[in-house]
Each structure stands twice: as C-alpha cells, then as structure tokens.
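The structure appears right after this line, and notes come after that.
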Amino acid sequence: MKELLYSALDLAIIIDKMQLGCQEESHLIDLIWDGEKPFLPEKYRNNKRRLISDIMYWLTYLYEKPIFDKEFQAVQNDCENGNHAIEADRYITDFSNLDLFFKRVRIRILYCEDKYVKIKLRTLVTNYDSLTEDDKGFVLFRKKRKQQSQLLIKQHINYCMTFYHLEATLRGGIPCNIIETTNLDKMLTLHVI
C-alpha cells in the first residue's frame, strides 16, 4: 500500500506534466496538502514545509534532467572505477507506471478543470507495458510482464481504483467492473466518488 501513496517525486511529475506557472503550481500544492493528506506518506502529513521542499527539489531535478542525463555515463563510469554499481532493477517496480497514472487522474479530476478522464481499457493495460527497447531494464521488465496475466493487471487496476476512490463507467453512465470486462476496446470514463 505504501507505493500507492503520493511521493514527492510523483507529485512533481504530475505537476511538471501540467506545465503550470509558479503561482498555479503553488496553489495546486496547497490544494493537494489540504485535500489529499490521507494519500501522503506519514512524513508529510504534518509537515507542509517538507512536502513543498521535496516537491520543489524534484521539480528542479525534472527541469534539469536533460543536463543530468548527459552526465549519466560519467556517473556510471565513476561508480565502476570505485567498484560500485548502479542496480537499475532496484528502481523499477512492477506497477509503478500504472500507479502514477491513477495518482495523476485523481489530482486532475479533483484539482484541475477535468470532471472525468476517458480512456480505453486496452490503452490502460498497454500503458503498463510502456518501456521501450532503449530503456535500462527493458528485458527484465518484459519478462515480468509476460509472467503476469491480464487478470493480474486488471486486479491491480481495480485495487488502484478502490484506493483512489475512482469509479469506471461505460457509455451511458453504466457502472463497469474492470476485472469482469473482457472487451479491451471499451471506452471507460473515470470519476472520483
């Protein structure tokens, strides 16, 4: 369950993708602080300053990421020369992309002008398998993906929907149970309940 809580990095990624101005970012962080405390890790629930500081740290990192990426090979070389290694596998979790998707949906619906989010079930399931061949850990991630059935992915989607208080409906507002839905091409409308 800890992985479903909003980390400062998750919030920074969500805010960064929204491409807001400084005042809008600050206002959004205030709204998240006021409304999303149950979804924050314990260390942030009573410490707004720490949350803001950590989000700003990660926003700065994301802003400077192209420069850091250019230096990554030098960092790897330094680690190898010092008999150390960066274990990329430790930083990849099975459902991290999927979890971030639902975190972003909840924040968009509650604190932006979106009243709902529409997505095809196929896109949602495929979103989970979003690494490309150039990314580190691709082969390992593919093996994990093949070992997990669509049912497991749907169960995780359902778990996230319950955790973030989201509801999926089909066309016409008909409630939908993602686990029972066999047609991946159905358009889902996600709402916060």
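Values quoted throughout were computed directly from the atomic coordinates according to the rules given, and no laboratory measurement underlies them. Values in this document were obtained by computation on a predicted structure and should not be read as measured data. Because the Cβ atoms are built from the backbone with ideal geometry, glycine has one as well, and the counts that use them run over all protein chains shown.
Computed quantities for the displayed model
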| quantity | calculated |
| --- | --- |
| Above-threshold pairs, the threshold being 28 Å between Cα atoms, out of K2/K186; K17/K37; K70/K120 | K2/K186; K70/K120 |
| Length added when fully stretched, L20-V75, from 0.36 nm per residue minus Cα-Cα | 16.6 nm |
| Rounded D (µm²/s) - segment 1-86, Kirkwood Rh over Cα pairs, Stokes-Einstein at 20 °C, 1.002 mPa s | 147 µm²/s |
| Exposure proxy ranking, count of Cβ atoms within 10 Å, fewest first, for F101, F68 | F68, F101 |
| Extension gain (nm, one decimal) between L170 and N83, 0.36 nm per residue minus Cα-Cα | 25.9 nm |
| For segment 2-12, 3J(HN,Hα) per residue [Karplus equation, 6.51 cos²θ - 1.76 cosθ + 1.60, θ = phi - 60°, Hz, x = Gly/Pro] | 4, 5, 7, 6, 6, 8, 4, 5, 4, 5, 5 |
| Extended-chain gain in nm, criterion 0.36 nm per residue less alpha-carbon gap, L152 and M187 | 10.6 nm |
| Built amide H within the under 5 Å cut-off of L166, gap 5+ | I193 |
| Nonlocal amide H pairs with K120, under 5 Å, H built at 1.01 Å | L188 |
